[in-house]
């Protein structure tokens, strides 16, 4: 079980060292996959590992609070920013100077924040099921259900969550994540305030978006807002995709192909330089 230690993490204040579990496969240029708010196993990266491990060193950390990493006591409303700092510390510990970051859902927010704060550490960003707005009225009932009764997520999901995070802990984790998103919405100053303080348009790292046309977590106008911020970053909208194109039978192949094309383009640019 690969474990790496970092001195501290803003996700677990006052604890040192902090141990983070990660998965690793393949060889080549580093590719970090950053999971969403339920952890890794509900939306696994299996198809992409099979396709990309011949040319990429794929690293998939469980951020603090998830999987086999150390448990946390709470999820603050600025957890994305804190997780971004933790991820850079993880890269330092694994001696990864620069990497492509593929973030899914909450992981996509974290990847974008790293791209904004530490652009020299990012070769490129693949932002899947991206969140832009702080306020997600179409998902509020969903987040309230997570906070109130995690068992309503359904037997398949709860079985995976229990296996990955532990029967005595997974409900607490889901409650904390749902509550954090409700707090993110309630702290906004106006209904369109975004998660990036209006700075997403300053992103200078090569980036693409992969998004399911049927993603229930996407607000009306959210993709248009992203296009206005980053008009030169392609948004690949998968008609059969929902919230996790990379792990969905109907969308995984197309999702992987888009990512492969982006990675090839980055390699060609590096070779020219």
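The values are calculated or read from the model by the stated rules, or taken from the named source; none is laboratory data. The model shown is predicted, which means the values in this text are computed figures rather than measured ones. Glycine gets a Cβ as well: all are built from the backbone with ideal geometry, and neighbour counts include every protein chain shown.
Counting just the residues of region 159-170 that are in contact (Cβ under 8 Å) with a residue 12 or more places away in the chain and more than 20 Å from the chain's Cα centre (by Cα), which one comes out surrounded by the fewest Cβ atoms within 10 Å (Cβ to Cβ)?
By that ranking, first place goes to 163.
Against the numbered list (1) surrounded by fewer than 22 Cβ atoms within 10 Å (Cβ to Cβ); (2) within 17 Å of residue 35 (Cα to Cα), residue 113 comes up short only at (1).
One residue stands out in region 111-149 among those that are part of a strand (DSSP E or B) and closer than 18 Å to residue 199 by Cβ: the one that is modelled with the lowest pLDDT, namely 133.
Considering region 27-44, and only residues there that are in contact with a strand residue (DSSP E or B) (Cβ under 8 Å, 6 or more places away or on another chain) and assigned to a strand (DSSP E or B), the residue that is nearest to residue 162 (Cα to Cα) turns out to be 36.
Could you check how many residues of region 45-64 are touching a strand residue (DSSP E or B) at 6+ places or on another chain (Cβ under 9 Å) and either without any contact (Cβ under 8 Å) to a residue 40 or more places away in the chain or part of a loop (DSSP other than H, G, I, E, B) (or both)? Within region 45-64, residues that are touching a strand residue (DSSP E or B) at 6+ places or on another chain (Cβ under 9 Å) and either without any contact (Cβ under 8 Å) to a residue 40 or more places away in the chain or part of a loop (DSSP other than H, G, I, E, B) (or both) number 10. A Cβ distance below 8 Å, combined with a sequence gap of six or more or placement on separate chains, defines the contacts here; from region 104-125, residues that are free of Cβ contacts under 8 Å to residues at least 60 places away in the same chain reach residues that are surrounded by fewer than 22 Cβ atoms within 10 Å (Cβ to Cβ) and in a loop (DSSP other than H, G, I, E, B) in the pairs 120/98; 121/97; 121/98.
None of 173, 101 is touching a helix residue (DSSP H, G or I) at 6+ places or on another chain (Cβ under 9 Å), in a helix (DSSP H, G or I) and in contact (Cβ under 8 Å) with a residue 40 or more places away in the chain except 173. Among the residues of region 203-233, those identified as more than 25 Å from residue 40 (Cβ to Cβ) and either exposed (fewer than 13 other Cβ atoms within 10 Å of the Cβ) or without any contact (Cβ under 8 Å) to a residue 12 or more places away in the chain (or both) are 204, 220, 221, 224, 227, 228, 231, 232. Number of residues in region 176-201 that are loosely packed, with under 13 Cβ neighbours inside 10 Å and touching a residue at least 60 places away in the same chain (Cβ under 8 Å) equals 1. Can residue 34 be described as crowded, with 16+ Cβ neighbours inside 10 Å and farther than 22 Å from residue 179 by Cβ? In short, no.
Each row is one residue, and each column tells you yes or no for (1) modelled with pLDDT of 95 or more; (2) touching a helix residue (DSSP H, G or I) at 6+ places or on another chain (Cβ under 7 Å); (3) more than 25 Å from residue 138 (Cα to Cα); (4) assigned to a helix (DSSP H, G or I).
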| residue | (1), (2), (3), (4) |
| --- | --- |
| 228 | yes, no, no, yes |
| 240 | yes, no, no, no |
| 246 | yes, yes, no, yes |
| 250 | yes, no, no, no |
| 254 | yes, no, yes, yes |
| 257 | yes, no, yes, yes |
| 268 | no, no, yes, yes |
| 271 | no, no, yes, yes |
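Checked against the criterion of being modelled with pLDDT of 95 or more and under 16 Å from residue 27 (Cα atoms), the candidates 72, 58 yield just one match: 58.
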